[in-house]
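The values are calculated or read from the model by the stated rules, or taken from the named source; none is laboratory data. Since this is a predicted model, take the numbers as computed values, not measurements. Cβ sites come from the backbone with ideal geometry, for glycine too, and all protein chains shown count toward neighbours. SASA here: full protein model, heavy atoms, side chains in, ligands and nucleic acids out. Shrake-Rupley method; radii C 1.70, N 1.55, O 1.52, S 1.80 Å.
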Amino acid sequence: MTVPADWPTTAEAARAEQERLRPLVVPEGPEPPRRPGTLIAGVDVAYDDERDVVAAAAVLLDYATLDVVEQATAVGRVAFPYLPGLLAFRELPAVLDALARLTRTPDLVVCDGYGLAHPRRLGLASHLGVHTGLPTLGIAKNPFTFTHQPPGDHRGAWTPLLDGPDPVGRALRTRQGVKPVFLSVGHRIGLDEATAVTLALTPAYRLPETTRQADSLCRRALATTTPAP
């Protein structure tokens with residue numbers, strides 16, 4: 001796994017980098033066409049804290065069928081300490097490495113995490129999008145520090161995810177009677193479009209197929225791969 005030479009190593013430098021990148025986020029854009037050949041990538045990471053190792057997975061799905069068409073992993077040493085609000089600096093080097101090992105470029109990348117739903121409006125999905133130029137969105141399992149009212153019980157119901165009075169995403173019900181997921185724009189996609197993508201990726205389960213596939217793959221890579229010294 002390659003860590004960029006200028007990668008921040010302190011909290012102060014990381015926060016400064018977030019402030020620099022934040023104005024570059026484009027919080028609007030279309031949904032990719034839902035047809036064969038459109039590629040949606042899911043990325044996720046897993047950690048072995050005892051070995052100080054991180055594994056990332058990138059899985060490409062055909063948007064029309066949700067079949068896996070390609071996958072890649074990257075395993076390496078953790079590049080940044082665990083600090084709330086700065087997880088992108090811990091995860092991005094491995095995620096970028098895994099994405100680079102794919103032979104095809106995704107039309108959209110879905111992160112297991114947050115985009116604009118972040119204290120400085122630059123979570124992993126937004127950071128990844130600005131860094132690569134790719135459209136991105138974040139779909140998280142919990143609301144982090146943000147608030148929301150419970151959405152209606154039916155699939156597709158949503159309520160705003162709020163940072164104080166400011167909307168930063170949506171609590172979206174993907175399965176009737178099952179707790180919602182928490183989505184936010186990453187880069188180059190709008191919130192309505194991100195909602196449509198999330199529902200398209202959740203035909204049978206609460207979590208999107210992108211996250212389900214990437215989560216399983218990165219855990220397998222972590223268990224079976226030893227990074228170079």
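Observations, loosely collected:
- Per residue value of the accessible surface for the chain (all protein chains in place, 1.4 Å probe), Å²: 44
- For H154, H118, the ranking by accessible surface with the largest value first comes to H154, H118, using a 1.4 Å probe.
- For L116, the shell of other residues with beta-carbons less than 15 Å away shows a net charge of -1, using +1 for Lys and Arg and -1 for Asp and Glu.
- Helix-only CD estimate at 222 nm, as mean residue ellipticity for the chain, using -39500 (n - 2.57) per DSSP H run (n ≥ 4): -8000 deg cm²/dmol
- Between S216 and R34, the modelled label-to-label distance comes to 2.3 nm, taking each label 7 Å out from Cα in the direction of the beta carbon.
- Segment 1-115 - convex hull of the alpha-carbon atoms, volume per residue in Å³: 112
- Hull volume in cubic angstrom per residue (convex hull over the Cα atoms of the chain): 119
- Per-atom-type breakdown for the chain gives carbon and sulfur 52% of the accessible area (1.4 Å probe, protein chains only).
- Each label point was placed 7 Å from the Cα along the Cα-to-Cβ direction; for T103 and A64 their separation is 2.1 nm.
- Sorting Y114, Y47, Y82, Y205 on solvent-accessible area from highest to lowest, probe radius 1.4 Å, gives Y82, Y205, Y47, Y114.
- Near the amide H of D44, within less than 5 Å, lie the amide hydrogens of A57, all on another chain or at least 5 residues away, with H placed in the peptide plane.
- Accessible surface of F80, taken over heavy atoms with a 1.4 Å probe and every protein chain present, rounds to 10 Å².
- Positive minus negative residues near T211 (Lys, Arg vs Asp, Glu; Cβ under 13 Å): 0
- GNM flexibility winner over the chain from D166, D44, D112 (Cα, springs under 10 Å): D166
- Residues D192 and R120, FRET efficiency given R0 of 25 Å [Cβ-Cβ distance, rounded to 0.05]: 0.55
- Here the spin labels are modelled as points 7 Å beyond Cα on the Cα-Cβ line, and at T226 and E19 they lie 4.4 nm apart.
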